[in-house]
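Scroll down for the structure; my scribbles are underneath it.
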Amino acid sequence: MATTTWRSYPNVTLSNSNLTASATSLSYSTIASNGRSSGKWYWEVIADTRSMVGITNIQSGGRIYDSVSHRGYFPDGKKWSGSAGSIYGSTFTLGDTISILLDMDNGILEFWKNGVTQGVAFTDIKPLGTVYPSHTSGSDTTSSSVTANFGATLFKYAIPNGFKVYNGNHKILLSSGEKIQSVSIGSGLYSENVIPIMSSNTSLAGISSANLISTVELDAWKAFDGSSSTYWYTNSGTGGWLQFKFNIPIKIEKYKVLSLGASYPGNNIKNWTFEGSNNGSNWNVLDTKTNVLDWITGMFKEFAITNDSTYIYYRLNITATGAAAPPAICELTMHTKTDSKFTFLNLDSSTENTFLRYGLDGSSNGLNLTKNIFTKKYVKSGTSLLGSGKTFEHTIDMSKRRVDKITLG
């Protein structure tokens with residue numbers, strides 16, 4: 001079955017591999033690419049302060065909020081059936097994780113907030129036929145956004161007994177006797193931020209700078225200090241550049257930006273290029289973005305780029321903001337990509353979360369076991385305290401014996 005994502009509709013902007021959907025007009029919605037008419041299914045979403053999440057049987061998108069076929073959970077704690085709401089559970093806000101439990105066999109829809117059940121919301125789902133995960137903005141706002149995890153990555157909370165991952169892809173683990181094993185593929189994974197948390201413009205990794213700075217308190221390094229409450233600010237014009245110079249050449253293949261968001265939309269960057277240089281004078285454009293307006297307070301935007309070269313300098317070169325105000329950046333992070341290599345994994349369990357996190361996808365090249373594997377890892381699940389371990393020593397007289405191979409069991 002194909003990977004589940006959000007569908008593209010008018011007045012809805014998709015990002016983050018189509019897992020983040022932002023409705024740019026009031027009451028507009030989107031639905032998932034795959035529907036369900038039977039079975040018990042689980043997925044999670046992170047919504048903003050105005051997004052209603054739930055299900056619908058309408059496939060056309062549009063104004064699902066006004067449809068009698070929609071069932072949802074709103075940030076004010078109400079549950080909604082079409083355009084009618086009633087008191088249901090706790091309120092939720094930006095950063096909260098909402099779990100959706102869809103039981104099509106019994107026609108039940110239930111929501112959790114941060115791992116805590118809010119109780120059964122609806123028992124009339126079965127007559128709707130095939131339903132789809134959905135997101136919609138409310139009637140009193142002009143935009144909303146929601147990021148979904150349909151099961152392509154590890155869920156934040158444990159899947160309830162009897163429920164299945166909504167994404168539906170088959171995951172495979174290897175079994176040899178009593179051992180559970182798998183193979184991880186390094187390619188496609190990104191590093192953590194390669195710029196260290198800074199407390200001035202100089203660090204062991206390199207130097208931050210900008211062509212325009214408002215005050216010392218809003219200097220360039222404020223965009224690299226790991227805090228969402230501080231920022232670099234120019235205080236003039238609608239453009240400017242923010243730069244980091246590494247001590248050694250490095251290949252950056254993804255960058256992330258955190259803006260001021262909805263609180264100060266005029267200062268959010270709208271048009272820019274991401275550029276690389278080895279002398280600080282001649283720049284190569286690695287990424288170009290125009291008319292980016294759907295910034296959300298407290299949420300990074302991620303931009304994967306195609307970059308085959310290493311550079312010492314990288315900069316965000318801004319040419320326009322949201323409303324002709326000076327640009328401000330809370331955080332700018334940069335990321336490399338891991339080398340392509342295979343790691344053999346020894347696992348201590350075959351739980352559902354182990355399958356999700358370490359299982360091989362039947363549609364990927366993870367099942368190609370003809371590759372040479374040189375790295376082995378032992379994976380311990382859970383948070384229990386490990387013992388002190390044991391050391392085994394054995395002396396071999398190399399003058400009498402030849403050792404061709406050592407096998408660790």
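Within the bounds of region 264-274, is there any residue that is aliphatic (A, V, I, L, M), farther than 29 Å from Ala324 by Cβ and in contact (Cβ under 8 Å) with a residue 12 or more places away in the chain? Within region 264-274, none of the residues are aliphatic (A, V, I, L, M), farther than 29 Å from Ala324 by Cβ and in contact (Cβ under 8 Å) with a residue 12 or more places away in the chain.
Going through region 237-296 one residue at a time, which ones are open to solvent by 70 Å² or more (accessible area, probe 1.4 Å) and among the hydrophobic types (A, V, I, L, M, F, W, C)? If the condition is that a residue be open to solvent by 70 Å² or more (accessible area, probe 1.4 Å) and among the hydrophobic types (A, V, I, L, M, F, W, C), then Ile248, Ala262, Val285, Leu293 are the ones that fit.
With the requirement that a residue be under 11 Å from Ala121 (Cα atoms) and either touching a helix residue (DSSP H, G or I) at 6+ places or on another chain (Cβ under 8 Å) or touching a residue at least 40 places away in the same chain (Cβ under 8 Å) (or both), what does region 81-96 give you? The one that is under 11 Å from Ala121 (Cα atoms) and either touching a helix residue (DSSP H, G or I) at 6+ places or on another chain (Cβ under 8 Å) or touching a residue at least 40 places away in the same chain (Cβ under 8 Å) (or both): Ser81.
Scanning region 201-221 for residues that are hydroxyl-bearing (Ser, Thr, Tyr) and within 15 Å of Tyr233 (Cα to Cα), we see that the one that is least open to solvent (accessible area, probe 1.4 Å) is Ser208. Given the structure, is Val116 closer than 23 Å to Ala304 by Cβ, of a type in the set (A, V, I, L, M) and at pLDDT 90 or above? Considered against the rule, which asks whether it is closer than 23 Å to Ala304 by Cβ, of a type in the set (A, V, I, L, M) and at pLDDT 90 or above, Val116 comes out as no.
Could you check region 288-332 and list, in sequence order, the residues that are acidic (Asp, Glu) and at pLDDT below 95? Selection gives Asp294, Glu302, Asp308.
Scanning region 81-140 for residues that are at positive phi and among the small types (Gly, Ala, Ser) returns Gly82, Gly95, Gly107, Gly115, Gly119, Gly129.
The values are calculated or read from the model by the stated rules, or taken from the named source; none is laboratory data. All figures in this text were calculated on a predicted structure; none of them were measured in a lab. So basically every Cβ, Gly included, is an ideal-geometry build from the backbone, and we count neighbours across all protein chains shown. Side chains are part of the model used for accessible areas, which takes the heavy atoms of the whole protein and leaves out ligands, DNA and RNA. Shrake-Rupley method; radii C 1.70, N 1.55, O 1.52, S 1.80 Å.
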